[in-house]
Amino acid sequence: HTQANMALSLTQRKNIRDAMKKSEETLAKIKEATGLDFQVEVDVPAILASIPADRKSSYADQIGDVIYEYYLSELGYGLEYFCKDPLNKDSVADLATARKIGFSVIPTRKEYEKLMPNTSSYCRTRLVDGVIVIEVNGENFCSNVSEARSGLEKTFAGDGPLTLSCRTNIAKNAEKVQELLEQFEQKTGAKFELEVDYAGLLNSIVSRRSEFQDSMGDFVVTYLDPLVRSFGRSCDADEMNKEALQELASTRKIKFFIFKDDKEYKKAASFGGSYGRARIVGGDLVIELNNTNLYANVDYIFEFDQTFSGV
């Protein structure tokens, strides 16, 4: 904790001291929830200076309680619930790199909303240089403090190619992927694994990236499912098809590749329609897609005979 300086009154300093002591329980709960040690660092005089006069008069002598008990405890409750999901917990560890909790008051609603639109009009959490900052609208200081526990999904969404929502979506589809791979093994007599660079796959999507940025798990299953069904039928229909697949898909890996445009897609192979295809590349069974026609005709693009003829 940062100690309040002597610009504060004796009453304020005592209140801060007592509130800091009480906050140790909250910090212990945060550590239990996140697996991380966090410190609280606040500049109390700066906070007081940012609170509008009509709000400051009511809370100046209880500023320690407001910061360390009211707002901090709500953040603690929020993190306890949020981190019950292992993916959320990982996101906190990845993004809250400073292992610190800060507190800031934005004096006016206009400034507050300009800094980060479409959030609670009372308070919110924001990541600033790896610090979890409880950010308060000064005009609503000490109102609806429970909002400090809300919106953590947005705070820890991340700004990389795989947002928290995307990682959650991938995890949600993991069971379905495993189910499809087991079905594929039953039909083909060979055990395959799915090898996908989700971030790389998302980055290879050109014009519709925003459409899929939170749903790459769904994206992969959308194509894996018809591949399994189509090739499964072919293996059921003719034992030689099964033997060909086992021989030629020698790595036992299913991969994805998205071509940047129609020209590159057609240049790579002459067969398959303009939507997508499955092709054997270096022993891998590769689902090749055309950026121009994503999510189109997915039930009809995988033809076993085309994939294995001439290989």
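Could you grab me the full set of residues in region 187-201 that are open to solvent by less than 30 Å² (accessible area, probe 1.4 Å), under 17 Å from Val286 (Cβ atoms), in a helix (DSSP H, G or I) and not β-branched (Val, Ile, Thr)?
Let us first name the residues in region 187-201 that are open to solvent by less than 30 Å² (accessible area, probe 1.4 Å), namely 188, 190, 192, 199, 201.
Retained after the next criterion (residues that are under 17 Å from Val286 (Cβ atoms)): 188, 190, 192, 201.
This time we only want the ones that are in a helix (DSSP H, G or I), so: 188, 201.
The one that is open to solvent by less than 30 Å² (accessible area, probe 1.4 Å), under 17 Å from Val286 (Cβ atoms), in a helix (DSSP H, G or I) and not β-branched (Val, Ile, Thr): Leu201.
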Say whether the condition of being in contact with a Cys (Cβ under 8 Å, 6 or more places away or on another chain) and modelled with pLDDT of 90 or more is met by at least one residue in region 85-102.
yes
Got a sec? Which helices (runs of 4 or more DSSP H) wholly within region 24-120 have at least 3 residues that are more than 20 Å from Thr155 (Cα to Cα) and not acidic (Asp, Glu)?
44-50, 53-59
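Just the residues that are touching a Gly at 6+ places or on another chain (Cβ under 7 Å) and surrounded by 19 or more Cβ atoms within 10 Å (Cβ to Cβ), please, taken from region 30-54.
Answer for region 30-54, where residues must be touching a Gly at 6+ places or on another chain (Cβ under 7 Å) and surrounded by 19 or more Cβ atoms within 10 Å (Cβ to Cβ): Ile30, Val42, Ile51.
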So is Arg167 assigned to a helix (DSSP H, G or I), open to solvent by 20 Å² or more (accessible area, probe 1.4 Å) and at pLDDT below 95 or not?
yes
Failed condition for Glu211, given (1) among the acidic types (Asp, Glu); (2) under 22 Å from Lys172 (Cα atoms); (3) open to solvent by less than 50 Å² (accessible area, probe 1.4 Å):
(3)
Restricting to region 109-124, what's the tally of residues that are polar (S, T, N, Q) and either modelled with pLDDT of 95 or more or open to solvent by 50 Å² or more (accessible area, probe 1.4 Å) (or both)?
1
Among all residue pairs at least 6 apart or on different chains, which show Cβ distances below 8 Å where the first residue, located in region 57-78, is aliphatic (A, V, I, L, M) and the second is open to solvent by 70 Å² or more (accessible area, probe 1.4 Å)?
Leu75/Arg149
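Does Ala237 satisfy the condition of being under 25 Å from Ser309 (Cβ atoms) and of a type in the set (A, V, I, L, M)? Explain how you work it out, then say what you get.
On the way: under 25 Å from Ser309 (Cβ atoms): yes; of a type in the set (A, V, I, L, M): yes.
Here the answer is yes, as Ala237 does meet what is asked.
Within region 241-251, does at least one residue satisfy the condition of being assigned to a loop (DSSP other than H, G, I, E, B), hydrophobic (A, V, I, L, M, F, W, C), open to solvent by less than 20 Å² (accessible area, probe 1.4 Å) and closer than 19 Å to Val220 by Cβ? Spell out how you get there, then give the answer.
Of region 241-251, the ones assigned to a loop (DSSP other than H, G, I, E, B) are 249-251.
If we keep only those that are hydrophobic (A, V, I, L, M, F, W, C) too, we end up with 249.
Within this subset, residues satisfying the condition of being open to solvent by less than 20 Å² (accessible area, probe 1.4 Å) are 249.
Those left that are additionally closer than 19 Å to Val220 by Cβ: 249.
Checked region 241-251: at least one residue is assigned to a loop (DSSP other than H, G, I, E, B), hydrophobic (A, V, I, L, M, F, W, C), open to solvent by less than 20 Å² (accessible area, probe 1.4 Å) and closer than 19 Å to Val220 by Cβ.
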Has region 94-103 got at least one residue that is open to solvent by less than 30 Å² (accessible area, probe 1.4 Å), of a type outside the set (Phe, Trp, Tyr) and under 17 Å from the mean Cα position of the chain (by Cα)?
yes
Residue check for Asp261: of a type in the set (Asp, Glu) and more than 23 Å from Gln186 (Cα to Cα)
yes
Which listed residue, of Phe231, Phe302, Phe271, Phe257, is among the hydrophobic types (A, V, I, L, M, F, W, C), open to solvent by 40 Å² or more (accessible area, probe 1.4 Å), under 20 Å from Phe192 (Cβ atoms) and touching a residue at least 12 places away in the same chain (Cβ under 8 Å)
Phe257
Selection status of Leu27, without any contact (Cβ under 8 Å) to a residue 60 or more places away in the chain and either open to solvent by less than 70 Å² (accessible area, probe 1.4 Å) or among the acidic types (Asp, Glu) (or both)
yes
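Being at pLDDT 95 or above and over 14 Å from Phe256 (Cα atoms) narrows it down to one of Leu181, Leu224, so name that one.
Details: Leu224 fails: over 14 Å from Phe256 (Cα atoms).
Step by step, each of Leu181, Leu224 is checked, and only Leu181 is at pLDDT 95 or above and over 14 Å from Phe256 (Cα atoms).
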Report, ordered by the first and then the second residue, all pairs with beta carbons closer than 8 Å, sequence separation of six or more or different chains, a first member in region 138-151 that is buried (at least 21 other Cβ atoms within 10 Å of the Cβ), and a second member that is of a type in the set (Gly, Ala, Ser) and assigned to a helix (DSSP H, G or I).
Ala148/Gly78
Within the group Ser91, Ser57, which residue is open to solvent by 50 Å² or more (accessible area, probe 1.4 Å), of a type in the set (S, T, N, Q) and farther than 19 Å from Glu135 by Cα?
Ser57
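The values are calculated or read from the model by the stated rules, or taken from the named source; none is laboratory data. Computed from a predicted structure; not experimentally measured. Counting neighbours? That spans all protein chains shown, and the Cβs are built from the backbone with ideal geometry, glycine included. When the accessible area is computed, the model is the full protein with side chains, heavy atoms only, and any ligands, DNA or RNA have been set aside. Shrake-Rupley method; radii C 1.70, N 1.55, O 1.52, S 1.80 Å.
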